[in-house]
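First up is the structure itself, then whatever we jot down about it.
The values are calculated or read from the model by the stated rules, or taken from the named source; none is laboratory data. These figures come from a predicted structure and were not determined experimentally. Note that we place each Cβ from the backbone using ideal geometry, even for glycine, and neighbour counts take in every protein chain shown. Surface accessibility is based on the protein's heavy atoms, side chains included, excluding ligands, DNA and RNA. Shrake-Rupley method; radii C 1.70, N 1.55, O 1.52, S 1.80 Å.
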Amino acid sequence: DYVFDNLTRMYEAFEADRHLIPPDNYSEVRYEDLVADTVGVMHDVYRKLDLGAFNDVRPAIEAYVEQNKGYQTNKFKQLSLELRQQIATRWKAYADRYGYQIDTTTPAAGQ
């Protein structure tokens with residue numbers, strides 16, 4: 001409940017104050033997109049936020065990507081169907097806003 005409540009409270013506060021952030025000072029990035037195309041996404045962020053010449057930092061970003069190309073994210077146990085249903089219900093607004101689909105029909109392995 002603590003985790004459910006904190007994410008909900010955090011995003012409700014953010015959405016309530018989002019209008020206070022000038023559009024030129026804010027850029028949303030999906031983690032999946034950043035992992036899939038780090039250089040391209042960072043190029044878009046630099047352009048949107050007018051952070052300067054991307055070509056000046058491109059080599060460092062490319063080197064970082066190359067250095068970390070074998071990195072694998074942590075693998076956690078499969079979430080139970082009951083927990084995924086709770087996530088889909090309690091975090092529906094977040095999932096809808098950020099385009100996440102939560103499978104609430106397929107039982108986890110071993111269930």
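Restricting the first member to the stretch 90-105 and to residues that are on the phi > 0 side of the Ramachandran plot, and the second to residues that are not in a helix (DSSP H, G or I), the beta-carbon pairs closer than 8 Å and six or more apart or on different chains are G99/R30.
Among the residues in the stretch 20-27, are any in contact with a Phe, Trp or Tyr (Cβ under 6 Å, 6 or more places away or on another chain), surrounded by 10 or more Cβ atoms within 10 Å (Cβ to Cβ) and without any contact (Cβ under 8 Å) to a residue 40 or more places away in the chain?
no
Restricting the stretch 39-72 to residues that are open to solvent by less than 70 Å² (accessible area, probe 1.4 Å) and in contact (Cβ under 8 Å) with a residue 24 or more places away in the chain, the residue that is farthest from Y26 (Cα to Cα) is V65.
Checking the stated criteria, I61 turns out not to satisfy the condition of being within 19 Å of Y11 (Cα to Cα) and within 20 Å of the chain's Cα centre (by Cα).
Could you list, in sequence order, all residues of the stretch 62-82 that are at pLDDT 90 or above and among the hydrophobic types (A, V, I, L, M, F, W, C)? Selection gives A63, V65.
Among residues of the stretch 83-111 being surrounded by 11 or more Cβ atoms within 10 Å (Cβ to Cβ) and polar (S, T, N, Q), the one that is modelled with the lowest pLDDT is T104.
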